[in-house]
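To start, the structure under review is shown below, and the notes come after it.
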Amino acid sequence: MENLQLLAMIQAYTGVGIGLIIGLGAAGACIGIGIMCASFLDGAARQPEMIPALQGKVFLLLGLIDASFIIGVGLAMMFAFANPLLSVVA
C-alpha cells in the first residue's frame with residue numbers, strides 16, 4: 001500500500017509541475033513577445049528607416065523566445081511519459 005501511495009503522489013506532483021511548466025512558459029513567452037513587438041512598432045513609428053534592421057532582430061528574438069517555450073514543453077513531456085522519478089518506487 002505504501003508504494004501505491006508514493007506512486008500516486010509522485011504522479012500527482014508531476015502533473016502539477018507539468019501544468020506549471022507549460023502554463024507559465026506560455027504566459028511568459030506571450031508577454032515577452034507582446035512587449036517586444038510593441039517596442040518594435042514604437043521604434044518603427046519613430047524611425048521608419050530603421051524597419052529593415054529592427055525587423056531582422058525581432059524575428060530572431062521571436063524564434064529564440066519560442067524555442068525556450070518549446071524546450072520547456074519537451075521537458076514537461078519527458079516528465080509526463082518517461083518520468084525518472086518513478087524509478088524510486090520500483
**Request:** Consider Ile35 carefully, then state whether it is over 16 Å from the mean Cα position of the chain (by Cα) and exposed (fewer than 12 other Cβ atoms within 10 Å of the Cβ).
**Result:** yes
**Message:** Of all residues being of a type in the set (A, V, I, L, M, F, W, C) and farther than 21 Å from Ala67 by Cα in the stretch 38-50, which is least open to solvent (accessible area, probe 1.4 Å)? Just the residue, please.
**Reply:** Ala44
**Request:** Inspect the stretch 1-17 for any residue being more than 30 Å from Val88 (Cβ to Cβ) and in contact (Cβ under 8 Å) with a residue 24 or more places away in the chain and give the result as yes or no.
**Result:** no
**Subset of the stretch 54-90 (residues that are of a type in the set (A, V, I, L, M), closer than 30 Å to Cys37 by Cβ and surrounded by 14 or more Cβ atoms within 10 Å (Cβ to Cβ))** = Leu54, Val58, Leu61, Leu62, Ile65, Val73, Leu75, Ala76
**Any pair with Cβ under 9 angstrom, 6 or more apart, that starts in the stretch 19-40 at a residue that is in contact (Cβ under 8 Å) with a residue 24 or more places away in the chain and ends at one that is part of a helix (DSSP H, G or I) and charged (D, E, K, R)** = Ala29/Asp66; Ile33/Asp66
**Request:** Scan the stretch 63-81 residue by residue and report those that are in contact (Cβ under 8 Å) with a residue 12 or more places away in the chain and farther than 17 Å from Gly17 by Cβ.
**Result:** Ile65, Asp66, Ser68
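The values are calculated or read from the model by the stated rules, or taken from the named source; none is laboratory data. What you see is a predicted model; the values in this text were computed from it and never measured. Glycine also receives a Cβ, built like all others from the backbone with ideal geometry; neighbour counts cover every protein chain displayed. For the accessible areas, the whole protein counts, side chains as well, though only heavy atoms, and no ligand, DNA or RNA atoms are used. Shrake-Rupley method; radii C 1.70, N 1.55, O 1.52, S 1.80 Å.
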